[in-house]
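All remarks here apply to the structure that follows.
The values are calculated or read from the model by the stated rules, or taken from the named source; none is laboratory data. The structure displayed is predicted, hence computed values, not measured ones. Backbone-built Cβ (ideal geometry, glycine too); neighbour counts: all protein chains shown. Side chains included, ligands, DNA and RNA excluded: accessible areas come from the protein's heavy atoms. Shrake-Rupley method; radii C 1.70, N 1.55, O 1.52, S 1.80 Å.
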Amino acid sequence: MAIQITVNGEPRTLDVDPQMPLLWAIRDHLRLTGTKFGCGIAQCGACTVHVNGQARRACVTPVGTVADQAVTTIEGLQGDEAVAVQAAWQALDTPQCGYCQSGQVMSAVALLKRQPKPTAQDIDAAMSGNVCRCATYVRIREAIHLAADRLEG
């Protein structure tokens with residue numbers, strides 16, 4: 001079954017089972033490997049993408065449910081919030097092993113788009129579904145605060 005989706009601003013047609021997880025459609029069929037497989041049950045956040053601007057776990061999202069919607073992966077992330085988050089991540093040397101970081105960045109950008117000046121509690125709540133085995137949570141929180149400060153000017 002042909003499914004039309006827009007990925008990173010580009011219309012794409014996928015001839016896949018509509019129940020296939022979006023993660024595998026992105027990675028295996030579109031060859032966008034920045035989105036990572038973690039747990040496969042939406043508990044770790046490594047597979048976070050944006051669907052119409054909202055953070056969504058690609059490992060449990062059937063690709064058929066995002067037909068005719070806009071999907072953004074880490075490869076296509078753009079905008080002021082994305083630039084601020086990526087710069088803050090670099091400035092604070094946030095990643096350790098890096099495996100979870102694409103999901104962390106996607107969740108952080110989604111947070112800043114809906115809440116430009118989050119509190120520490122807001123950040124903890126928004127990022128609670130993103131697991132980092134290296135436990136860089138303090139640096140992630142600091143980076144989000146830095147990104148918010150830079151966005152504020």
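Considering ASN130, ASN52, the condition of being open to solvent by 60 Å² or more (accessible area, probe 1.4 Å), of a type in the set (S, T, N, Q) and under 29 Å from THR6 (Cβ atoms) is satisfied by ASN52 alone. Given the structure, is GLY9 small (Gly, Ala, Ser), open to solvent by 40 Å² or more (accessible area, probe 1.4 Å) and at pLDDT 95 or above? Taking the combined requirement at face value, the residue satisfies it.
Going by the conditions given, is GLY79 open to solvent by 20 Å² or more (accessible area, probe 1.4 Å) and over 20 Å from THR33 (Cα atoms)? Taking the combined requirement at face value, the residue satisfies it.
The C-beta contact set for the range 81-108 (first residue free of Cβ contacts under 8 Å to residues at least 40 places away in the same chain, second residue among the polar types (S, T, N, Q), distance under 8 angstrom, 6+ apart or interchain) comprises GLN101/THR94; VAL105/GLN86. Residue-level check: of (1) surrounded by 21 or more Cβ atoms within 10 Å (Cβ to Cβ); (2) outside any loop (DSSP other than H, G, I, E, B); (3) under 13 Å from the mean Cα position of the chain (by Cα), CYS44 misses just (2).
Can you spot a residue in the range 21-36 that is within 19 Å of LEU111 (Cα to Cα), under 12 Å from the mean Cα position of the chain (by Cα) and open to solvent by less than 60 Å² (accessible area, probe 1.4 Å)? Looking for residues that are within 19 Å of LEU111 (Cα to Cα), under 12 Å from the mean Cα position of the chain (by Cα) and open to solvent by less than 60 Å² (accessible area, probe 1.4 Å), one finds at least one in the range 21-36, hence yes.
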